[in-house]
Amino acid sequence: MEQMLDAKREHREPTRAPAEPTETGRVVDLMAALQESVRKAQAARGEDSRDAEVHEMPESKPQKTTAAKKPTRRQRGA
């Protein structure tokens, strides 16, 4: 980090460190990981770890929108 700041001060291109190879080929099932995390949290709280019940959302009426108020015009001299 210090070398990069020095290079910036001297108006030159900073030298880049070689990139470390990343681990590839490992696929994580995010949904499975999330569900396991939820089960553990529920168990820690002493809750039932069965799947949650899904309920339909009640129908909602569309909200009415009001028109924007326009400023009143001032009359010019009489």
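How about the chain: which GluC sites (Glu not before Pro) there are in a DSSP loop, with at most 12 other Cβ atoms within 10 Å of their Cβ?
Counting only loop positions with at most 12 other Cβ atoms within 10 Å, the GluC sites (Glu not before Pro) in the chain are Glu10, Glu23, Glu47, Glu53, Glu56, Glu59.
On the accessible surface of the chain, probed at 1.4 Å, how many percent belong to carbon and sulfur atoms?
The computed percentage sits at 52.
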Between Ala32 and Thr72, the two model label points (7 Å from Cα along the beta-carbon direction) sit apart by a distance in nm of 7.0 nm
Expressed per residue, the solvent accessible area of the chain in Å² (1.4 Å probe) is about 118 Å²
Under the helix-only model (-39500 (n - 2.57) for each DSSP H run of 4 or more, divided by the residues of the chain), the mean residue ellipticity at 222 nm, to 500 deg cm²/dmol, is -9500 deg cm²/dmol
Of all trypsin sites (Lys or Arg not before Pro) in the range 1-75, the ones in DSSP coil with at most 16 other Cβ atoms within 10 Å are Arg12, Arg16, Arg26, Arg50, Lys64, Lys69, Arg73, Arg74
Here D for the chain, in µm²/s, from Stokes-Einstein with a Kirkwood Rh over Cα pairs at 37 °C and 0.692 mPa s, works out to 150 µm²/s
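The values are calculated or read from the model by the stated rules, or taken from the named source; none is laboratory data. Only a predicted model underlies this, so the values are computations on that prediction, with no experimental measurement involved. Using ideal geometry, Cβ is built from the backbone for each residue, glycine included, and neighbour counts are taken over all protein chains shown. Quick note on the areas: whole protein, heavy atoms, side chains included, nothing else; ligands and nucleic acids left out. Shrake-Rupley method; radii C 1.70, N 1.55, O 1.52, S 1.80 Å.
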